[in-house]
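See below for the structure under consideration.
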Amino acid sequence: MFGTKRVSVNSGDHVGTLIGQGTQLKGSITSTGGLRIDGEVEGDIISSNEVVIGETGVVKAMIKAKNATVGGSVTGNMEVSERLELLASAKLFGDIKAGTLIIGEGAIFKGACEMRTVEEKKSKENKN
């Protein structure tokens with residue numbers, strides 16, 4: 001009420017997979033559609049689209065995605081080719097590689113950060 005600003009993690013209309021609050025998943029996830037996590041995930045996450053970690057989401061994984069928004073807790077490295085946003089409620093413990101990084105006031109981030117330029121992204125894609 002006083003001094004607390006709640007920021008909602010908007011998942012938009014492009015969520016293809018939802019891991020709801022109260023759900024626990026161990027293993028690898030590969031997705032071409034959007035992915036939203038409000039539960040607990042342990043393993044690897046690879047998405048050619050957007051990954052959203054909701055405020056109740058707890059993830060212990062290596063994450064690779066085109067775009068990502070974190071509102072919950074992530075323990076593991078993140079490689080985001082375009083835009084990574086850490087909301088005020090986010091806790092990230094791991095290294096980041098991202099094209100664009102936005103960190104909200106109050107977010108916790110412990111790790112190294114490497115910003116990618118457009119040329120680096122293109123050369124990496126050409127090697128694969």
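With the convex hull of its Cα atoms as the shape, the stretch 25-109 has an orientation-averaged projected area of 4.2 nm². Solvent-accessible surface (1.4 Å probe) assigned to D44 amounts to roughly 60 Å².
The values are calculated or read from the model by the stated rules, or taken from the named source; none is laboratory data. The structure presented is a predicted model; accordingly, all values stated were derived computationally and were not measured. Areas reflect the complete protein model, heavy atoms only, side chains present, ligands, DNA and RNA absent. Shrake-Rupley method; radii C 1.70, N 1.55, O 1.52, S 1.80 Å.
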